[in-house]
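Input: a single structure, listed below in structure tokens.
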Amino acid sequence: MSQVHVLDHPLIQHKVTFIRDKNTGTKEFRELVDEVATLMAYEITRDMPLEDTTIETPVATCQSRVISGKKVGLIPILRAGLGMVDGILKLIPAAKVGHVGLYRDPETLKPVEYYVKLPSDITERDLIVIDPMLATGGSASAAITALKNRGAKNLKLMCLIAAPEGIKLVQEEHPDVDIYVAAVDQYLNDHGYIVPGLGDAGDRLFGTK
Ligand code: PRP
Ligand code: URA
């Protein structure tokens, strides 16, 4: 069974409050999502392996540690996942970025795949699948399946807000994928929106409606 990591750092929780607020406009929403993504990246990389190295400080020779050659891939789910990419790249600038395009059919709420473009070496990379919203879980689960079908092995899922329903689906379909979220909300309404949630993440990020 995969684990759910709720990243309850005060800065993350504070910023998520303003992200949720319906009075937060597009510019500020985008900036806050970017900032939270950076803070979440700090937590999600906590298990990165380190190796020893020797350097010269201006004062002496010293043993110190660096990240052990890990290759990371970021996989935003279009569109809303794009809003978190730059924030993560601030901490992991060498990561490659692949894209999975999915939209939720408004009638069936089932994900429809329309675009996949990935780094050629995804089999060797630790992949972070990114989507602000984990609602029914259909989109995230389909994106993970699409990546596994192309050889991906090491995956994590990073979302801002999750519904219990989405967590359950991803855990059932992908027990090997740990989930990192800033908040777990109450339930999904009849339109598949997370309650209380933040509304439509893609529309709020890009100012569409
Ligand atoms: C939203 C969101 C997730 C999906 C979550 O995307 O960004 O991808 O819904 O819902 P699920 O867990 O029930 O699948 P949407 O379909 O609105 O597309 P967009 O990002 O292009 O706006
Ligand atoms: N997608 C969103 O953008 N928001 C929700 O609440 C559910 C799915």
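The values are calculated or read from the model by the stated rules, or taken from the named source; none is laboratory data. This one's a predicted model, so the numbers in the text were calculated from it and none came from an experiment. Positions of Cβ are backbone-derived with ideal geometry, glycine not excepted, and every protein chain shown enters the neighbour counts.
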If a residue has to be within 16 Å of ligand 1 (Cβ to nearest atom) and within 26 Å of His5 (Cβ to Cβ) to count, how many in region 110-148 make the cut?
21
Assess whether Gly25 counts as being of a type in the set (Gly, Ala, Ser) and surrounded by fewer than 18 Cβ atoms within 10 Å (Cβ to Cβ).
yes
Which one is farthest from Leu102 (Cα to Cα) among residues in region 147-186 that are away from ligand 2 (no atom under 16 Å from the Cβ) and among the basic types (Lys, Arg)?
Lys153
Quick count over region 121-138, residues being surrounded by fewer than 24 Cβ atoms within 10 Å (Cβ to Cβ), within 13 Å of ligand 2 (Cβ to nearest atom) and not in a helix (DSSP H, G or I), is 1
Among (1) buried (at least 20 other Cβ atoms within 10 Å of the Cβ); (2) more than 14 Å from the chain's Cα centre (by Cα), where does Ile75 come up short?
(2)
Region 149-176 residues that are within 19 Å of Tyr42 (Cα to Cα), paired with ones that are aromatic (Phe, Trp, Tyr) and at pLDDT 95 or above (beta carbon under 6 Å, 6 or more apart):
Met158/Tyr180
Return the pair list, or none, for Cβ contacts closer than 9 Å from residues in region 179-198 that are farther than 15 Å from Phe18 by Cα and modelled with pLDDT of 95 or more to residues that are away from ligand 2 (no atom under 12 Å from the Cβ) and acidic (Asp, Glu), at least 6 apart or on different chains.
Tyr180/Glu43
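Scanning region 177-196 for residues that are of a type outside the set (A, V, I, L, M) and within 16 Å of the chain's Cα centre (by Cα), which turns out surrounded by the most Cβ atoms within 10 Å (Cβ to Cβ)?
By that ranking, first place goes to Tyr180.
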Could you look through region 92-126, keep only residues that are among the polar types (S, T, N, Q) and more than 18 Å from Gly166 (Cα to Cα), and pick out the one that is farthest from the chain's Cα centre (by Cα)?
Ser120
Can you pull out every residue in region 156-198 that is within 13 Å of ligand 1 (Cβ to nearest atom) and aromatic (Phe, Trp, Tyr)?
Tyr187, Tyr193
If I ask for residues that are among the basic types (Lys, Arg) and within 16 Å of ligand 2 (Cβ to nearest atom), which ones from region 47-102 would you list?
Arg79
